[in-house]
Amino acid sequence: MIFFRCFFETVKKNEILFHNALKANMLEFVWRKVKEHTIALFRTFFRTNENSFLSNYRLCFFAGGFLHIAREWLETGMQEDVGTMVRLSCNITEKIRQVRNT
């Protein structure tokens, strides 16, 4: 939850930077670094140290989904507040973890 809050607050505080990066097609450079941290978060959250190709693809899938949520929020004018985005991200992550554990 702390990761999501910090991330969405950072995006909100730097909205102009992110919009300019998006317009200049430079957002990918920012996302690469965020992806690294997101994968580390999901690796911890899902309690896996597995380093198989399957685990890596799974973690990329989770990180990619999260990053696309953040991008959609940015592109649609950040109408939802940070708390809503944090709850949404936590709920989705928890649902994925529940499915994975069944």
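The values are calculated or read from the model by the stated rules, or taken from the named source; none is laboratory data. Bear in mind that the values here come from a model prediction, so they are computed numbers and not experimental data. Here Cβ is always computed from backbone atoms with ideal geometry, including for glycine, and neighbour counts include all displayed protein chains. Calculation scope for accessible area: heavy atoms of the full protein, side chains included, ligands and nucleic acids excluded. Shrake-Rupley method; radii C 1.70, N 1.55, O 1.52, S 1.80 Å.
Three semi-axes describe the equivalent ellipsoid of the chain; taken as square roots of 5 times the Cα gyration tensor eigenvalues and ordered largest first, they are 25, 16, 10 Å. Restricting the calculation to Cα atoms, the stretch 49-95 shows an Rg/Rh of 1.09 when the hydrodynamic-style radius is the Kirkwood one. Can you find, among 83, 52, 38, the residue farthest towards the positive end of the dipole of the chain? Put +1 on the C-beta of Lys and Arg, -1 on that of Asp and Glu. Toward the positive end, the furthest listed residue is 52.
Among the GluC sites (Glu not before Pro) in the chain, those placed in a DSSP loop whose Cβ has at most 15 other Cβ atoms within 10 Å are 50, 80. Within the same chain, lysines fewer than 8 places from residue 95 are excluded, and of the rest, those with a Cα less than 26 Å from its Cα are 12, 33, 35.
On the chain, 59 percent of the accessible area sits on carbon and sulfur atoms, based on a 1.4 Å probe.
Within the shell of other residues whose beta carbon sits under 11 angstrom from the beta carbon of residue 73, the net charge comes to -3, with Lys and Arg scored +1 and Asp and Glu -1. Per residue, the accessible area of the chain comes to 67 Å² when a 1.4 Å probe rolls over the protein heavy atoms. Per residue, the chain reaches -27000 deg cm²/dmol at 222 nm when only DSSP H runs of four or more residues are counted, each adding -39500 (n - 2.57).
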